[in-house]
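Structure first, commentary second.
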Ligand SMILES: Cc1cc2nc3c(=O)[nH]c(=O)nc-3n(C[C@H](O)[C@H](O)[C@H](O)COP(=O)(O)OP(=O)(O)OC[C@H]3O[C@@H](n4cnc5c(N)ncnc54)[C@H](O)[C@@H]3O)c2cc1C
Ligand code: FES
């Protein structure tokens with residue numbers, strides 16, 4: 001357990017295995033709730049790295065099959081992109 | 001198994017349902033709440049979290065001001081961090097008509113004791129330095145420093161946890177399927193997990209309240225409208241207040257985490273239960289943001305989503321009993337501002353149920369008003 005405590009599950013938001021297990025035990029039993037209470041899945045990768053892991057941790061805690069744990073909806077845009085790009089501005093170079 | 005009997009059953013686990021559950025529980029009422037998904041999964045968890053007291057009608061100003069008083073002590077009362085922050089609201093005026101209306105609003109708001117003032121165009125940058133006042137055509141603004149925002153998901157969880165501590169039973173992933181009524185009185189609530197006998201049902205199902213009311217043969221005039229919103233990557237803190245324009249139908253703020261969160265209301269949005277995100281929105285919102293704050297052009301958008309406004313014909317909520325069915329209490333129709341008034345609304349609904357009278361009058365918000373034609377529309381909304 002000592003070692004697992006320090007395992008980082010969500011790199012973007014720096015959330016550990018232990019924090020996730022604790023949230024599940026507090027009653028946040030779906031990836032959607034974990035995302036909203038701990039912010040994992042809200043980082044630049046939008047959960048691509050951590051959400052599958054979180055799904056497995058929940059399945060293990062609740063004694064379920066990972067396939068039964070519904071994943072949050074993937075929210076557009078697919079990659080973080082600058083406001084200027086969507087606004088249709090030609091010059092999107094960063095000003096110094 | 002769900003509880004067999006309760007004094008009050010609440011339908012809907014958004015901010016409204018959960019805050020009512022808390023206010024009933026602390027008054028010693030045996031209360032059960034059903035939420036068909038997770039708590040705050042509806043409009044609440046998708047909303048902007050803005051808390052504004054600058055309204056055009058006395059009743060909204062009072063509801064919001066009383067709610068702010070509650071918000072100010074809420075972290076302590078509920079023992080939970082809800083990211084409450086009083087960064088103020090800057091409401092921009094773009095036309096002479098708006099200036100006239102806003103000055104009228106300010107004088108009413110001040111009469112009711114709100115710390116608010118009208119700003120000339122050249123004072124706007126003192127409040128929000130990065131705003132391009134000229135490019136957006138702002139000719140004035142109103143400013144209230146005690147407006148602010150909080151995290152809607154955490155606020156809902158805070159109320160739900162505190163309600164449970166005081167004996168409330170909250171069942172998530174439990175859907176209300178029907179309500180049994182006999183001779184105009186409520187008998188029981190039927191869910192997909194079992195039944196609960198009760199005499200009082202609070203309809204706090206947000207945009208789905210209309211469907212709940214249909215279960216007992218009551219027709220609500222509420223209509224659902226998609227409303228879209230987005231978030232950027234976290235930035236260092238540059239924006240204290242919420243900035244809002246009714247003219248451009250837009251608002252944005254910065255969260256505790258540093259993200260800029262903002263929404264735009266499409267005036268051509270048809271009524272529907274659609275909550276898909278659109279490309280049209282991200283383009284429009286990006287154009288607005290880069291015009292409002294040119295520096296934002298280089299900031300990355302990381303996610304967009306949508307939720308439902310639960311809109312009544314006069315953009316004011318429906319609160320209190322209905323004539324046809326005894327014990328069927330409405331707490332819905334909050335349009336785009338249910339989060340900010342929930343703390344006070346919940347208190348009033350609990351008072352109504354427990355004492356039969358309320359500390360602020362709510363008769364004017366009864367469903368009856370639509371039948372009797374007593375309708376004063378709230379003007380200060382992002383539609
Ligand atoms: C994009 C957006 C931005 C917004 N910004 C703001 C803002 O800045 N400030 C503000 O004050 N307000 C804002 N609002 C409005 C605010 O979100 C709502 O007014 C408020 O959340 C309403 O809360 P509620 O509890 O009534 O509804 P909801 O949060 O929608 O809760 C209703 C719940 O009922 C549940 N339910 C429905 N049917 C059933 C059933 N049959 N059985 C069991 N449960 C059921 C739903 O799952 C849902 O969770 C915004 C809304 C949107 C969409
Ligand atoms: S690793 Fe969790 S959001 Fe990126």
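The numbers here are math on the coordinates, done by the rules we state, and not lab data. Source: prediction; values computed, not measured. Cβ coordinates were reconstructed from backbone atoms using ideal geometry, including for glycine residues, and neighbour counts include every protein chain displayed.
Listed values, structure above:
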{"read-out": "Within segment B:268-313, tally of residues that are away from ligand 1 (no atom under 15 Å from the Cβ) and within 30 Å of residue B:204 (Cα to Cα)", "value": "3"}
{"read-out": "Single unsatisfied condition, residue A:54 versus (1) farther than 19 Å from residue A:26 by Cα; (2) under 14 Å from the mean Cα position of the chain (by Cα)", "value": "(1)"}
{"read-out": "Single condition residue B:262 does not satisfy, out of (1) surrounded by fewer than 20 Cβ atoms within 10 Å (Cβ to Cβ); (2) closer than 27 Å to residue B:95 by Cα", "value": "(1)"}
{"read-out": "Candidates B:228, B:256 - the one that is surrounded by fewer than 19 Cβ atoms within 10 Å (Cβ to Cβ) and within 23 Å of residue A:44 (Cα to Cα)", "value": "B:256"}
{"read-out": "All positions within segment B:351-383 that are over 18 Å from the mean Cα position of the chain (by Cα) and part of a helix (DSSP H, G or I)", "value": "B:351, B:352, B:353, B:354, B:355, B:363, B:364, B:368, B:369, B:370, B:371, B:372"}
{"read-out": "Scope segment A:7-46; condition more than 12 Å from ligand 2 (Cβ to nearest atom) and closer than 14 Å to residue A:75 by Cβ; matching residues", "value": "A:32, A:36"}
{"read-out": "Residue B:380 being touching a strand residue (DSSP E or B) at 6+ places or on another chain (Cβ under 9 Å), in contact (Cβ under 8 Å) with a residue 24 or more places away in the chain, surrounded by 15 or more Cβ atoms within 10 Å (Cβ to Cβ) and at positive phi", "value": "no"}
{"read-out": "Evaluation of residue B:146 against (1) part of a loop (DSSP other than H, G, I, E, B); (2) at negative phi; (3) touching a residue at least 12 places away in the same chain (Cβ under 8 Å); (4) over 22 Å from the mean Cα position of the chain (by Cα) (one fails), failing number", "value": "(4)"}
{"read-out": "Matching helices (runs of 4 or more DSSP H) fully within segment A:13-96 where at least 1 residues are out of contact with any strand residue (DSSP E or B) (no Cβ under 8 Å at 6 or more places or on another chain) and either away from chain B (no Cβ under 12 Å) or more than 23 Å from residue B:288 (Cβ to Cβ) (or both)", "value": "A:17-25, A:31-38, A:51-62"}
{"read-out": "Selection count, segment B:192-209, where residues are surrounded by fewer than 20 Cβ atoms within 10 Å (Cβ to Cβ) and either within 16 Å of ligand 2 (Cβ to nearest atom) or more than 11 Å from residue B:8 (Cα to Cα) (or both)", "value": "4"}
{"read-out": "Considering residues of segment B:288-299 that are surrounded by 19 or more Cβ atoms within 10 Å (Cβ to Cβ) and within 7 Å of chain A (Cβ to nearest Cβ) only, the residue farthest from residue B:125 (Cα to Cα)", "value": "B:299"}
{"read-out": "Selected residue (criterion: farthest from the other protein chains (Cβ to nearest Cβ)) from residues of segment B:272-287 that are in contact with a strand residue (DSSP E or B) (Cβ under 6 Å, 6 or more places away or on another chain) and surrounded by fewer than 21 Cβ atoms within 10 Å (Cβ to Cβ)", "value": "B:273"}
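For (1) part of a loop (DSSP other than H, G, I, E, B); (2) within 16 Å of ligand 2 (Cβ to nearest atom); (3) within 14 Å of chain A (Cβ to nearest Cβ), each residue gets a yes or a no:
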| site | (1), (2), (3) |
| --- | --- |
| B:114 | yes, no, no |
| B:119 | no, no, no |
| B:122 | no, no, no |
| B:130 | yes, no, yes |
| B:138 | yes, no, no |
| B:141 | no, no, no |
| B:156 | no, no, yes |
| B:177 | no, no, no |
